[in-house]
Amino acid sequence: MTIKSYPFLLWLDQSLAYVSNENELTEMCHYSGPDEGICIYRNGQYMTRSGETIAPLSADALTRLVQQTLVQEGQCCVSKLSECSVEDAFKLLENIR
């Protein structure tokens, strides 16, 4: 794995997770292949776990993904969430860990 830095958001299996260290990453990726999952960094950069840069999600797509993840975590009122930035996604997901 080529991980640039921690923390980052891991987009895996159609949900996002806040990853703050290598142990969390190992635990989250236990059942996935080495090329599965996208790392989203605070600076807006999207990379595969092997280090390849990819195009970022649109703000609308990122918002839907954040909403879906929050619902899976039992959060309510997520439909009120308007378009969120990468920084907004970090703030929202960091607080539900």
Filter segment 53-76 down to residues that are in a loop (DSSP other than H, G, I, E, B) and aliphatic (A, V, I, L, M) and give me whichever is nearest to D13 (Cα to Cα).
L57
Looking at (1) modelled with pLDDT of 90 or more; (2) open to solvent by 50 Å² or more (accessible area, probe 1.4 Å); (3) assigned to a loop (DSSP other than H, G, I, E, B); (4) not hydroxyl-bearing (S, T, Y), which is the only condition E36 fails?
(1)
So which of S79, S50 ends up being part of a loop (DSSP other than H, G, I, E, B), open to solvent by 50 Å² or more (accessible area, probe 1.4 Å), touching a residue at least 12 places away in the same chain (Cβ under 8 Å) and not charged (D, E, K, R)?
S50
For T26: the one exception among (1) over 15 Å from V86 (Cα atoms); (2) part of a loop (DSSP other than H, G, I, E, B); (3) open to solvent by 60 Å² or more (accessible area, probe 1.4 Å)
(2)
In segment 1-23, how many are part of a loop (DSSP other than H, G, I, E, B) and either under 18 Å from A59 (Cα atoms) or small (G, A, S) (or both)?
3
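The values are calculated or read from the model by the stated rules, or taken from the named source; none is laboratory data. Predicted model, so just to flag it, every value in this text is computed and none were measured. For neighbour counting, all protein chains shown are included, and Cβ atoms are generated from backbone atoms with ideal geometry for every residue, glycine included. All accessible areas refer to the heavy atoms of the entire protein, side chains included, with ligands and DNA or RNA removed. Shrake-Rupley method; radii C 1.70, N 1.55, O 1.52, S 1.80 Å.
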